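J.: I'd like to ask some things about the structure below.
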Amino acid sequence: MIRIEDLYKSYGKNHVLKGVDLEIPEGQITAVLGPNGSGKTTILKILLGLVKPNRGSVDWNGKIEFGDFKYREKIGYLPQIARFPENLRVRELFSMIANIRQQPCDLQGLINDFKLTPFLEDRLAHLSGGTRQKVNTILTFMFDNDLFIMDEPTVGLDPVAMIKLKDVIRDRCSRGKTVLFTTHIMSLVDELADQIIFLLDGKIHFQGTLSELRALHGENRIEHAIAQILETNGAEINSGKPEPYMEKCS
């Protein structure tokens, strides 16, 4: 179980998270949804220790102490944009990450799954966006991690690769792993998510299953139910209410 309590984060005057409380169950697939700027990526980066909150706590198998990053050894992470030295060959990148992590990995199986063998000797600078995303996806899943965090994982993937990605996610979940992802593609949520977290303006406006979301808003299609959340809460957000007290960044 990942437990987040009273989480606040601001960048200067931009208040990104405003008292977020969350419980993310283990062994399930959770989709974190919301419009751009709602705080989705910030929550993921706080879980990864890449961003320090102004206030609040994060607990995953023991409270996460920011600055002690040992826990990250059991996390696979796919950022929205991953950057590596452009002169590296794909094979060299895989070898470098394997040497850094020093953990058993399922590299060859993933290379076969995503049909990447013809590109192993290519330099990263010469890869298309979709092939780069396949490389990053393999890096995310090549180790036997307990938690997988993905920020817009389908960007650039062709339909065949998207099917394989969904298969890999389901496989990891069947092994008891926890998967957390953001996306704007509702069909992906419909096919994969055990539960949904919907963020708007730095606050949680829904957390529950797909069936609960549909029942709550009387809509069969996810995008229509989410549109109702946006319409219902948009007036309140734009009403000019004062922001809650925020501690200064330390």
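J.: Only bridges whose two residues both fall in region 2-237 count here: according to DSSP, what percent of them are antiparallel, nearest 5?
T.: 55
J.: Hey, another quick one. Each label point is 7 Å from the Cα along the Cα-to-Cβ direction; what then is the distance between the points at Asn112 and Asn14, in nm?
T.: 4.5
J.: In whole Hz and in residue order, list the ³J(HN,Hα) couplings for region 200-215 that follow from phi through the Karplus curve 6.51 cos²θ - 1.76 cosθ + 1.60, θ = phi - 60°; x for Gly and Pro.
T.: Values, residue by residue: 8, 6, x, 10, 7, 10, 6, 9, x, 7, 4, 5, 5, 5, 5, 5 Hz.
J.: Whole angstrom only: what separates the Cα centroid of region 91-122 from the Cα centroid of region 162-191?
T.: Using only Cα atoms to place each centre, the spacing works out to 21 Å.
J.: Let me ask another. To the nearest 10 degrees, how steeply does helix 159-174 sit against the main Cα axis of the chain, on a 0 to 90 scale?
T.: Helix 159-174 sits roughly 70 degrees off the main axis of the chain.
J.: Given Cβ point charges of +1 (Lys, Arg) and -1 (Asp, Glu) and nothing else, what value in debye, to the nearest 20, does the dipole of region 2-237 about its Cα centre take?
T.: 660
J.: Quick one: compute a quarter of the convex hull surface over the Cα atoms of the chain and quote it in nm².
T.: 14.2
J.: Could you pull out every residue, at least 5 positions away or on a different chain, whose amide H is within less than 5 Å of the one on Leu78? Hs are placed 1.01 Å off N in the peptide plane, and Pro or chain starts have none.
T.: Amide H to amide H, under 5 Å and 5 or more residues apart or across chains, Leu78 pairs with Ile149, Met150, Asp151.
J.: Another one. Output wanted: per-residue J couplings in Hz (rounded whole) for region 119-131, from phi through Karplus 6.51 cos²θ - 1.76 cosθ + 1.60, θ = phi - 60°, x for Gly and Pro.
T.: 10, 5, 9, 7, 7, 4, 4, 9, 7, 6, x, x, 5
J.: Sorted by mean Cβ packing within 10 Å, highest first, what order do the peptides 192-198, 3-9, 174-180, 118-124 take?
T.: 192-198, 3-9, 174-180, 118-124
J.: While we're on this one: Contour minus end-to-end for Ile81 and Glu23, with contour as 0.36 nm per residue of separation and end-to-end as the Cα-Cα distance?
T.: Between Ile81 and Glu23, full extension yields an extra 18.2 nm.
J.: I want to check the label-to-label distance for Met1 and Asp158. Put each point 7 Å from Cα in the C-beta direction and report it in nm to one decimal.
T.: The two pseudo-label positions are separated by 4.5 nm.
J.: Then there is this: Going by alpha carbons, how many degrees (0 to 90, nearest 10) lie between the helix axis of 90-101 and the longest principal axis of the chain?
T.: It works out to around 70 degrees.
J.: Quick one: Ile204, Ile149, fewest Cβ neighbours within 10 Å first, how do they rank?
T.: Ile204, Ile149
J.: Say each of Ser95 and Asp144 gets a label point 7 Å from the Cα, pointing the same way as Cα to Cβ; how far apart are those two points in nm?
T.: It is 2.5 nm.
J.: Eigenvalues of the Cα gyration tensor times 5, then square-rooted: what semi-axes does that give for region 1-143, in whole angstrom, largest first?
T.: 32, 17, 14
J.: Report the relative contact order of the chain, percent, no decimals, based on alpha-carbon pairs under 8 angstrom and at least 6 residues apart.
T.: 27
Each reported figure results from applying straightforward, stated rules to the coordinates on display, with no laboratory input. This structure is a prediction, so every number in the text was calculated from the model and none was measured. Ideal geometry is used to build each Cβ from the backbone, glycine not excepted, and the neighbour counts take in all protein chains shown.
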